[in-house]
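Have a look at the structure below, then the notes.
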Amino acid sequence: MSATDVTPQGAPRGGVRPVLEVDDVKVHFGGVKAVDGITMQLLPGMIHGIIGPNGSGKSTLIGAITRLTRLTSGRLLFDGEEYQTAPASVVARKRVSRTFQTVRLLPDLTVRENIQLGADARSDDTTGSPISRLIGKRVSPAVAEAIERTELGGFEDFYPSELSYGTQRRVEIARAIATGPRLLLLDEPTAGMNQQERAEISALMRTLRSDGLCQLLVEHDVQMMIDTCDHVYAMNFGRLIAEGDPREVVRSPQVQEAYLGRKWRDHA
Ligand code: ADP
Ligand code: MG
């Protein structure tokens, strides 16, 4: 198969069992076909990317995968098990974790407490239960690890409003990591970050990959996609127009054409 062809529906990639399978998923809002027949396979220990112009359905697809957005049709499988009708809470318990395109931290909680919310979502981690936190300010190992990995040491007692935008985004990523994810979905996590901060997020994702984590990154920064992703999907008008090696996808005529005449800040 050429790198920019769309994988035939259901075709396995490399004989590895996917963590997540998206099978012909559609999400229509009235007449708007936000996601219009997407098929993807996300493999363990791989960083997958989605590029596509604004409005091409990237965030809606992440909403569908996490079951926050209702599917019009299609199937979702996690570890080979269908879950397209399961509630979002069940999907979260499978440790499908995400960050949102806009920062969603609780303003009245500190950095540590915000990240603890992620750890609280794991059923097997009670070290940092609300009561133990009240009496002893104990921090669960998952929180400590997430803080270390995202280099948030020193910021633990700050409130979100006291942090730069880039640091707030890191706290969101830390909260997602603290859930002990099996699948991590990052929707434009570096929006508002400078080049150095982007490189740090890319490095963090690559470390998580070496631990075997399956990840999906939505980003406009082409260089970051090339530096970070193993496999990139390109979307336009709710459909896949290319997939494969990041460099080849970015250069493919389909992708070039999709972005033609559109504002794509980092498009080289
Ligand atoms: P992207 O993340 O690629 O920029 P989105 O998934 O946010 O794109 O949006 C895809 C399309 O779906 C857009 O046309 C958007 O206006 C539309 N859309 C998204 N969410 C809704 C909704 N809740 N109701 C109606 N239309 C929506
Ligand atoms: Mg979006």
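The values are calculated or read from the model by the stated rules, or taken from the named source; none is laboratory data. Because the structure is a prediction, the values reported are computed rather than measured. Every residue, glycine as well, gets a Cβ built from its backbone with ideal geometry; the counts of neighbours run over all protein chains shown. Side chains are part of the model used for accessible areas, which takes the heavy atoms of the whole protein and leaves out ligands, DNA and RNA. Shrake-Rupley method; radii C 1.70, N 1.55, O 1.52, S 1.80 Å.
A few notes on this one:
- Within region 175-197, restricting attention to residues that are polar (S, T, N, Q) and touching a residue at least 12 places away in the same chain (Cβ under 8 Å), the residue that is farthest from Asp120 (Cα to Cα) is Asn194.
- Residue within region 201-221 that is away from ligand 1 (no atom under 16 Å from the Cβ) and under 19 Å from Leu61 (Cα atoms) present: yes
- Residues (outside any helix (DSSP H, G or I) and under 16 Å from Leu184 (Cα atoms)) located in region 105-124: Ala121, Arg122
- Residue selected from region 226-268 under the condition in contact with a Lys or Arg (Cβ under 9 Å, 6 or more places away or on another chain), part of a helix (DSSP H, G or I) and not charged (D, E, K, R), by the criterion modelled with the lowest pLDDT: Ile226
- Qualifying residue in region 55-68 (condition: in a strand (DSSP E or B), open to solvent by less than 30 Å² (accessible area, probe 1.4 Å) and within 16 Å of ligand 2 (Cβ to nearest atom)): no
- Filtered residue count, region 134-184, keeping only those that are charged (D, E, K, R) and part of a loop (DSSP other than H, G, I, E, B): 6
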